[in-house]
Every structure is written in C-alpha cells, then in structure tokens.
Amino acid sequence: MSESPFEEFESVFRNRDVLKEDYEPDEILERDDEIQDYASALNPARHGAHPDNVFIYGKTGVGKTAVTKYLLEVLETEVHEDPSVDSEITTLLVNCQYSTTSYQALIALLNAIRGPHDQVSATGHAPQDLYNMLWRELDDIGGTILIALDEIDSIGSDDGLLYQLPRARANGEPRPRPARHHRH
C-alpha cells in the first residue's frame, strides 16, 4: 500500500494547543475585574506588608490558575526590577491536585521549595518535623513569601496546613532574615 491510510483534513481549530491541559494563554481576556480585585489583595506585599489571604474558587477552566500564575509573576518581577520598592518577594505556586491530606500537601510544598536533588520522601515523617523543615526553608528564603496552593480542595476537610501557614509568623516561625531572591 503506497498511500497513507490517514486522510488529510482541514482543522476547524486555529490552534489546537489551546485544548491542552497545560496551555497558558498569552493574554487573559474578560477577567479584568477579577484580576484587579486579586491584585489589590496582594498589593501590600509590594511594600513589605502582609497581603490578604485569598481563596479563589470557580468552575474548571475559568482561568483561576492562569490568573494566579500571571499575577505572581508580574508581582515578583515588578518588585525585583523596581528600585523604589524596598522589599523582597518570593512566589510559590504548588499544585496540590494529588494531595489528599495536609501531610501530602505539606510535602508537595516542601518539595516545590527544595531542589530536585533534595526532595522530601512521601512517608516516614512526623507532621511537626515537616512543619519545622518548612519553617526553616521559609526562613532561609526570607522576605515576603506568597504561597499559592492550587487545587487545595483535594485535601478535603483536613485543613491542618491551611491553619498553620497563616499563623507561622504569629507563632514565631519563620523569623524574617535578610532575603535572597529566588525565582520559582
């Protein structure tokens, strides 16, 4: 058989890549109000103040993750490049989709901070030891650290991590130190 068994076809799509799960648009359309509200909540971080905790919810595919990535990148870049801003910001976006407990989400967060050759094993740690590791890691980074936990609803009602993170500084951990800049 000399001819290909596959027919040539004209695609109805201008760009089939937009259907891929990991597609990120070049620009975000029809989300100006949401972006402005979200940016307003994070804006205090530009000046070294504590930003609001933000919980974003909505249907699958409406742009929650895309907007979060965009805002965190813009914020970190602007702070890094603006000499008038006297603060350091590190942003972390951690996918918790496969974490069904706070323990697993905590390990995902630790492994997002650590390099690929210094990963924390998925089992065998006391939760308090993991939190102590996390406080040390955050302490080493220093400055303002914004952590976005994508798909955090996967952990169900186990809200230990969500309880501990906002209270870290109130409980004395981590202690601010001179920042070193990381890009994640």
Restricting the search to the stretch 46-77, which residues are open to solvent by less than 40 Å² (accessible area, probe 1.4 Å) and touching a helix residue (DSSP H, G or I) at 6+ places or on another chain (Cβ under 7 Å)? P51, V67, L71, L75
Here the residues within the stretch 163-184 that are surrounded by fewer than 16 Cβ atoms within 10 Å (Cβ to Cβ) and either in a helix (DSSP H, G or I) or modelled with pLDDT of 80 or more (or both) are Y163, P166, R167
If I ask for residues that are touching a residue at least 12 places away in the same chain (Cβ under 8 Å) and in a loop (DSSP other than H, G, I, E, B), which ones from the stretch 126-158 would you list? G142, G143, E151, G156, D158
Hey, could you check the stretch 102-121 for residues that are touching a helix residue (DSSP H, G or I) at 6+ places or on another chain (Cβ under 6 Å) and part of a loop (DSSP other than H, G, I, E, B) and say which is farthest from G160 (Cα to Cα)? Q119
Quick check on the stretch 19-39. Is at least one of its residues among the hydrophobic types (A, V, I, L, M, F, W, C), surrounded by fewer than 17 Cβ atoms within 10 Å (Cβ to Cβ) and closer than 24 Å to G156 by Cβ? no
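The values are calculated or read from the model by the stated rules, or taken from the named source; none is laboratory data. These numbers come from a predicted model, not from an experiment. With ideal geometry, Cβ positions are generated from the backbone for all residues, glycine too; neighbour counts draw on all protein chains shown. Surface areas here come from the heavy atoms of the whole protein model, side chains and all, with no ligands, DNA or RNA. Shrake-Rupley method; radii C 1.70, N 1.55, O 1.52, S 1.80 Å.
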